[in-house]
1. Is the shape of the range 94-147 best called rounded, prolate or oblate, per the rule: a/c under 1.5 gives rounded, else a/b larger than b/c gives prolate, else oblate, with a ≥ b ≥ c the square roots of the Cα gyration tensor eigenvalues?
2. Just to confirm the filter: which trypsin sites (Lys or Arg not before Pro) across the range 112-154 are DSSP coil and have at most 14 other Cβ within 10 angstrom of their Cβ?
3. For residue 342, what charge total do you get from the other residues with a beta carbon under 13 Å from its beta carbon, if Lys and Arg give +1 and Asp and Glu give -1?
4. Starting from the Cα of residue 306, step 7 Å along the direction of its Cβ; do the same at residue 336; then give the gap between the two resulting points in nm.
5. Extending each Cα 7 Å along its Cβ direction at residue 72 and residue 52, get the distance between those two points in nm, one decimal.
6. Would you please give the FRET efficiency between residue 319 and residue 151, computed as 1/(1 + (r/R0)^6) with r the Cβ-Cβ distance and R0 = 51 Å, to the nearest 0.05?
7. With just the Cα atoms defining each centre, how far is the range 234-292 from the range 297-312? Give it in Å.
8. Accessible area of residue 346, 1.4 Å probe, to the nearest 10 Å²?
Amino acid sequence: MICPRCAASLTGKQRSGRICAHCGKRFALDPAVHGKGMHDIRIRGIAERATDHGRLKITLTQLWYLSRTRNYAWAEQDPQGVPTGIRWLVALPVAVALLLCAVLIDGVLAFVAGAAGCVVLVVASAMRHRPGRPPRSQIIPSEETFRQLMTGAWSTAYGRLPKGVVDDARPVPRPRGASRSRASAPLSRPTAVILCTDRVAALFLTANDIPGRLGAVLLEAAGTEGTAGRSDVVTGALKELAEYRSALPVVVLHDADPLGVLLAPLIRAAQPDRVVVDAGLPVSAARGKQGVVRLARHNRFADAEQLRTVAGLPEADAKWLADGFWSPIAAVPPRLLESIVVRAVERALAAPPPGPRHAHTNGFLTWPQAPQTPQTPRARDTGRPGAGTSKREGTSSA
């Protein structure tokens with residue numbers, strides 16, 4: 001490997017203990033020990049691009065997403081075969097009965113009964129059972145491993161995390177002059193509301209005072225796993241939005257998951273006088289684009305029919321979410337995420353008040369291209385635009 005300190009080419013013996021034999025300085029990561037792609041030069045380069053060379057602050061979780069080397073997601077597997085206990089509970093009595101018959105009777109019937117008993121035992125032994133598995137996913141390296149490396153080996157070698165990276169396991173420092181409340185803009189006269197369902201994305205926005213620069217108030221609406229916890233997100237979001245006048249537009253920033261795609265339509269239904277712009281990660285971008293983080297978990301929030309009828313998703317996108325797949329918006333490259341939020345707030349402020357003519361104006365934003373400025377009411381009613389996403393920076397996908 002190349003020494004990140006002096007750029008010398010090092011053999012295994014020359015980098016023992018992660019200390020360069022040429023310059024005598026310590027480095028943090030060794031691909032032979034910590035896995036493919038875990039190298040100081042690569043991680044530092046990813047951090048520099050993600051922070052726009054120090055202009056932005058990003059969280060350690062965002063750096064983990066960008067630094068991943070593999071990402072797998074598996075759908076739910078139904079159980080196959082008969083469980084072992086049930087199989088032998090049935091097979092043994094049948095085999096014993098047939099073998100007893102072979103002993104007690106004579107002739108051809110005895111031979112047939114004995115052969116049948118042996119066949120039952122052989123078949124029962126040959127059958128295999130595969131238990132069902134829930135939807136599951138894996139990112140390599142794992143978040144726990146990556147955090148330990150960055151807060152341990154990296155901080156030991158360099159004295160701190162890469163420039164511009166903050167540990168979101170601790171309170172994220174706010175920029176000077178920003179409000180100390182949940183909003184990063186003064187609450188006296190906000191011009192818009194940013195409703196974010198992803199904690200990491202909300203921390204990123206707060207750390208860079210993006211809502212404050214836009215004159216917006218940031219509300220974080222994150223729930224727990226399960227139907228009840230996620231339903232609380234919708235109820236809590238509506239309750240908090242009720243504190244702001246209906247003339248204040250709302251930008252909804254969310255993951256590509258069932259809760260996210262349903263949140264904006266539910267807010268529009270509950271508060272029809274409010275402008276609602278859906279700036280979340282489109283499901284089509286998460287499902288069909290290379291380089292996007294794809295995760296899997298049990299979906300207990302909505303089925304495919306609800307996602308089609310309420311959120312207006314295509315059949316393929318609704319089925320993808322219903323099968324348990326999803327994608328976090330925190331994994332979107334930070335510069336792209338910043339530009340999406342800025343464009344979404346600008347769009348929300350420029351949008352006309354909701355009405356019959358503008359019922360479909362505020363659907364998903366186009367990712368990553370900037371949305372075209374509508375020229376006529378008919379042009380604004382063209383439905384949901386397509387979606388794309390940029391490849392992650394400095395990473396490889398599986």
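1. Details: a/c = 6.71, a/b = 6.61, b/c = 1.01.
In terms of gyration-tensor shape, prolate.
2. On the way: sites: 128, 136, 147; in loops: 128.
In loop regions of the range 112-154 (DSSP not H, G, I, E or B), the sparsely surrounded trypsin sites (Lys or Arg not before Pro) are 128.
3. Numbers: positive: 213, 335, 343, 347; negative: 209, 338, 346.
Surrounding charge for residue 342 is +1.
4. A separation of 2.9 nm, rounded to one decimal place.
5. 3.7 nm
6. On the way: r = 39 Å, r/R0 = 0.77.
Once the sixth-power term is evaluated, E becomes 0.80.
7. Here the answer is 15 Å between Cα centres.
8. About 110 Å², ignoring ligands and nucleic acids.
The values are calculated or read from the model by the stated rules, or taken from the named source; none is laboratory data. Owing to the predicted nature of the structure, the values given are computational and were not obtained by experimental measurement. Quick reminder, even Gly has a Cβ in these numbers, built from the backbone with ideal geometry, and neighbours come from all protein chains shown. Keep in mind that these areas ignore ligands, DNA and RNA; they rest on the heavy atoms of the full protein, side chains included. Shrake-Rupley method; radii C 1.70, N 1.55, O 1.52, S 1.80 Å.
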